[in-house]
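Shown next, in structure tokens, is the structure this report addresses.
The values are calculated or read from the model by the stated rules, or taken from the named source; none is laboratory data. Treat the numbers as computed from the prediction; the structure is a model and nothing was measured. Positions of Cβ are generated from backbone atoms using ideal geometry, with glycine treated the same way; all protein chains shown enter the neighbour counts. With ligands, DNA and RNA removed, areas are computed over all heavy atoms of the protein, side chains included. Shrake-Rupley method; radii C 1.70, N 1.55, O 1.52, S 1.80 Å.
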Amino acid sequence: MSENEFKDPDPALWAPAEKGPVGQFFAPVAGFGVTLSTMFRPTSTEQYPEEKVPTQARYHGRHHLNRYPDGLERCIGCELCAWACPADAIYVEAGANTPEEQYSPGERFGKVYQINYLRCIFCGYCIQACPTRALTMTNEFELAGPTREGLIYEKQDLLAPMGENMLAAPHPMVPGTSDADYYRGSVTGPVPEQIEWVREHRPDDPTLQNKGA
Ligand code: SF4
Ligand code: SF4
């Protein structure tokens with residue numbers, strides 16, 4: 001027989017193991033062995049939703065669009081997250097920042113931002129693609145709803161809550177800084193010039209509270 005000629009595999013490779021006399025005697029009730037042994041183990045049933053078990057720290061839940069410490073948005077509308085998404089769940093439209101309406105450091109901001117949670121498979125490719133760490137994932141997993149439209153989250157649904165010291169956008173960048181300074185963490189909070197600008201343009205803005213006279 002030549003080396004390449006087909007050989008039947010050994011039937012013993014897939015045939016069930018032969019049982020001895022004891023094995024044959026208990027075979028009809030062998031399945032109950034699993035039931036009996038499980039009855040004496042601690043139960044692992046979770047009483048959800050009455051009791052919510054915390055997820056693992058790196059669990060992939062719903063997304064957040066983050067802000068810098070002075071309140072400007074991190075998203076620059078580059079669409080890299082949308083291109084990385086294998087489920088085509090993200091839609092982004094960029095807008096141009098202007099001196100009157102500066103939402104993020106640099107030239108552009110995410111004007112329209114949507115994530116369709118009917119499509120999202122929580123793979124995390126989008127957060128890896130984001131160059132400014134604008135997009136991250138939280139541990140929140142309760143994402144059910146009565147309508148399909150309600151599961152398409154808009155920008156206002158995805159923006160992270162304002163931090164205690166933040167000043168709501170739009171407002172100018174910290175004077176003398178660039179978008180790179182923001183990315184490197186040089187901006188640690190709003191400065192008086194920004195607070196003054198918001199006070200002049202939006203005197204009723206609630207984030208002005210506790211920001212000095
Ligand atoms: S987690 Fe995955 S599927 Fe969901 S939006 Fe991001 S890239 Fe798309
Ligand atoms: S979330 Fe990140 S990747 Fe997506 S558009 Fe904004 S900056 Fe770009």
Residue count, region 25-73 (criterion: basic (Lys, Arg) and within 16 Å of ligand 1 (Cβ to nearest atom)): 2
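In region 181-195, how many are charged (D, E, K, R) and within 14 Å of Gly71 (Cβ to Cβ)?
Going through region 181-195 one residue at a time, the tally reaches 1.
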Name the residues in region 65-90 that are without any contact (Cβ under 8 Å) to a residue 40 or more places away in the chain and within 10 Å of ligand 2 (Cβ to nearest atom), would you? Gly77, Glu79, Ile90
Log entry, pairs with first residue in region 176-189 being in a helix (DSSP H, G or I), second being surrounded by 10 or more Cβ atoms within 10 Å (Cβ to Cβ) and of a type in the set (S, T, N, Q), beta carbons closer than 7 Å, six or more apart or on different chains, reads Tyr183/Thr132
What pairs come out if I take residues in region 151-166 that are more than 23 Å from Val187 (Cα to Cα) and pair them with residues that are open to solvent by 60 Å² or more (accessible area, probe 1.4 Å) whose C-beta lies under 6 Å away, six or more apart or interchain? Leu151/Leu118
Only unsatisfied item for Pro170, checking (1) surrounded by 11 or more Cβ atoms within 10 Å (Cβ to Cβ); (2) farther than 26 Å from Ala94 by Cα; (3) not aliphatic (A, V, I, L, M), is (2)
List every residue pair whose Cβ atoms sit under 9 Å apart, with the two residues 6 or more apart in sequence or on different chains, where the first one lies in region 113-134 and is near ligand 1 (Cβ under 7 Å from one of its atoms) and the second, anywhere, is of a type in the set (Asp, Glu). Ile115/Glu154; Ile115/Asp157; Arg119/Asp88
Would you check which residues across region 94-144 are closer than 19 Å to Gln56 by Cβ, away from ligand 2 (no atom under 14 Å from the Cβ) and of a type in the set (S, T, N, Q) and list them? Thr138, Asn139
Return the residues of region 31-81 that are β-branched (Val, Ile, Thr), open to solvent by 70 Å² or more (accessible area, probe 1.4 Å) and within 24 Å of the chain's Cα centre (by Cα); say none if nothing qualifies. Val53
